[in-house]
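Heads up: the structure comes next, in structure tokens.
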Amino acid sequence: MRFIQPLCIKPCPLSGFSSSDWTPFHLTPGLPPERADIVIVGGGVMGWSVAYWLKRKEQVRNAVRVVVVEKDPTYSQASTVLSAGGIRQQFSLPENIQLSLASADFLKNINEHLNVVNEDPVDLQFNHSGYLFTASENAAHIMEANHKTQMCVGAKVILLSPAQIKERFPWMNTDGVVLASYGLENEGWFDPWTLLNALRRKAISMGVHQCFGEVTGFKSSSHKVETGDGDLLRLKRITHVNVQMPNSLEKQPVECAIVVNTAGANSGRVAEMIGIGHGPKDSMPGIPVPVEPRKRYIYVVHCPDGPGLDSPFLIDYSGVYFRREGLGGNYITGMSPEESEEPDISTLDVDHDFFHNNVWPRLAHRVPAFESLKVSSAWAGYYDYNTFDQNGILGAHPLVNNMYFATGFSGHGLQQSPAVGRAVAELILDGRYTTLDLSALDLKRILYQEPMLERNIV
């Protein structure tokens, strides 16, 4: 039910007072519509990509009514805008390579997709510099196997010996490196905020409704079915999404046919709102969506004598990474902590000791010029971390068959969002994948406990 607040009644002209425009009710601005075909929970880059592709694929304009609900109107804690902004094809699984290849093509031709009449063209500030992965002796065979997969799928990646690394990047110390892989095409980095705004601007121009509010729960219908083993399963279908308006007691239920969960690091919690994971521990209803927030730090450093314009996006086997940040000797760097050292996620405060104790020594070892760097700023953001196999989770939930998921990408969601949005739109509107076959990433693998491990998680 929509709650409304009465305004003070002004005297009418018949009483001898001056006339005015008057209404007995005040409606909170920004309320979502009471009905929609599809509600997308989460207005990051993944949510807006899904929204764009749903409108792109509709046969008749305004045939599909889409609402995107985002709880943070400032996007100050959004994973999209707090990421390093990289894109690569150097993965171990064909599905991830295909997703990034398709997304790279989208980004290179972005104005063919996201241009809006009478608006400025989109400038992603795409830096076409490849990723450079290094491998120690223990992992060289894995890199070689990954390279074969990447080449078979169509990625342009070469393997380099230590001597070849030195020839291309003389500023690099190759101690301990026995092999490296280097992306020749479709890799680099871009501005995440620009991509998010471009998708949002285009989707809104196509009729998508934007709502700032927090999804606090769902209404659903249900019925029981008997399995082949004689067990009873309760199947649910969402009928309404409850949206709490910001800085207000007002709530708005939105009647809908389909919900898409693109809530990123919070998508596991959103799934819990409909009861996913609340059943007996060893049963299908008791298996949660294994996505949780993991905090990652990014440090901006200044080093006038650091690598120049030819600098790749370096991913060292020690875990540390860096890339250029504009010109003038600026770089961003970081690394993922050990599982046992995962930082507290209650805030986005930055741990500067982590840089001095973990990042800097490894960085300076690989690039000696960084021994004299200075940290100029830092921030933290959340991975939508899939604790099951660090891979994306797509598709509808078997027990809530009108809730679709696009989450759990564990750090590579931004770069794959254009292709993932298209894939989810295909599932919803066509009932199947029509471009890339991503059935291996289906949520059912979680329920059947069949992990699809991605080796190249940064």
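The values are calculated or read from the model by the stated rules, or taken from the named source; none is laboratory data. These figures come from a predicted structure and were not determined experimentally. A quick note on method: Cβ atoms are made from the backbone with ideal geometry, for glycine too, and the neighbour counts reach across all protein chains shown. With ligands, DNA and RNA removed, areas are computed over all heavy atoms of the protein, side chains included. Shrake-Rupley method; radii C 1.70, N 1.55, O 1.52, S 1.80 Å.
In the chain, if the dipole is taken from +1 on Lys/Arg beta carbons and -1 on Asp/Glu beta carbons about the Cα centre, which of A104, I165, G154 is farthest to the positive end?
Going by the Cα projections, it comes out as A104.
In whole Å, what are the extents of segment 366-418 along the principal axes defined by its C-alpha atoms, from largest to smallest?
Ordered largest first, segment 366-418 gives principal extents of 56, 22, 21 Å.
Under a Cβ-only charge scheme (Lys and Arg +1, Asp and Glu -1), can you give me the dipole magnitude of the chain about the Cα centre, in debye to the nearest 20?
With Lys and Arg at +1 and Asp and Glu at -1, about 1240 debye.
Explain nothing, just the number: dipole magnitude of segment 35-76 about its Cα centre with +1 on each Lys and Arg Cβ and -1 on each Asp and Glu Cβ, in debye rounded to the nearest 20.
Working: 7 positive and 4 negative charges, 44 e Å.
Computed about the Cα centre, the dipole is about 220 debye.
Going toward the positive end of the dipole of the chain, with +1 on Lys and Arg Cβ and -1 on Asp and Glu Cβ, which of W360, M46, G381 do you reach last?
M46
Pairing the Cα long axis of helix 413-430 with the longest principal axis of the chain, what angle in degrees results, from 0 to 90 and rounded to the nearest 10?
50 degrees
Over what distance in Å are the Cα centres of segment 345-401 and segment 285-330 separated?
Spelled out, the Cα-based centre of one part sits 7 Å from the other.
Using the Karplus curve 6.51 cos²θ - 1.76 cosθ + 1.60 with θ = phi - 60°, what ³J(HN,Hα) values do you get for each residue of segment 229-246, in whole Hz, with x for Gly and Pro?
Couplings: 8, x, 7, 9, 10, 9, 9, 10, 9, 5, 10, 9, 10, 8, 10, 8, 6, x Hz.
Distance between the C-alpha centers of segment 406-441 and segment 49-125? Whole Å please.
Each part reduced to its Cα centre gives a spacing of 11 Å.
Dimensions of segment 330-458 along principal axes (Cα, Å, largest first)?
Reported extents, whole Å, longest axis first: 56, 28, 26.
Using each residue's phi in segment 169-178, evaluate 6.51 cos²θ - 1.76 cosθ + 1.60 at θ = phi - 60° and report the 3J(HN,Hα) Karplus result to the nearest Hz, with x for Gly and Pro.
Going residue by residue, I get 10, x, 7, 9, 8, 9, 4, x, 8, 10 Hz, with x marking Gly and Pro.
Given the DSSP H assignment, sum -39500 (n - 2.57) over each helix run of at least 4 residues in the chain and divide by its residue total; what's the result at 222 nm in deg cm²/dmol, nearest 500? List each step's numbers first, then the result.
Values: 10 runs with 103 residues, N = 458.
Calculated at 222 nm, the ellipticity per residue is -6500 deg cm²/dmol.
Give the accessible area for E272 in Å² (nearest 10); use a 1.4 Å probe, count only protein heavy atoms, and leave out ligands, DNA and RNA.
Here the residue's solvent-accessible area equals roughly 90 Å².
With θ taken as phi - 60° and the coefficients 6.51, -1.76 and 1.60, list the Karplus ³J(HN,Hα) couplings across segment 252-269 in order, rounded to whole Hz; mark glycine and proline as x.
Per residue, the Karplus-derived 3J(HN,Hα) values read 9, x, 10, 6, 8, 9, 9, 10, 10, 8, 10, 7, x, 4, 9, 5, x, 5 Hz.
At 7 Å along Cα-to-Cβ for each site, give me the label-to-label distance between D231 and D305 in nm.
About 6.4 nm, to one decimal.
Is there a quick way to get the dipole size of segment 77-228? I mean about its Cα centre, with the Cβ of Lys and Arg at +1 and of Asp and Glu at -1; what is the value in debye to the nearest 20?
I would put it at about 260 debye.
Give the accessible surface of the chain per residue, rounded to a whole number of Å², with probe radius 1.4 Å and ligands, DNA and RNA excluded.
46 Å²
Of N456, G334, I287, which is farthest along the charge dipole of the chain in the positive direction, counting Lys and Arg as +1 and Asp and Glu as -1 at C-beta?
Going by the charge dipole, the pick is I287.
Just to verify a number: what accessible area does T347 come out at with the full protein assembly present, 1.4 Å probe, Å² rounded to tens?
In the full protein context, T347 sits at about 60 Å².
On the protein heavy atoms, probe 1.4 angstrom, tell me the percent of accessible surface of the chain carried by carbon and sulfur.
On the way: 10560 of 20860 Å².
The computed percentage sits at 51.
From zero outward in steps of 20 Å, how is the percent of C-alpha pairs of the chain spread across the bins?
Cα pair-distance distribution for the chain, in percent: 23, 52, 21, 4, 0.
Can you list the residues, at least 5 places off or on another chain, whose amide H is less than 5 Å from the amide H of S92, using H built in the peptide plane?
Hits under the 5 Å cutoff: R455, N456.
By accessible area of protein heavy atoms, probe 1.4 Å, what ranking do W171, W53 get, highest first? Let's see the in-between values first.
Working: W171 50, W53 25 Å².
Per-residue accessible area, sorted high to low, gives W171, W53.
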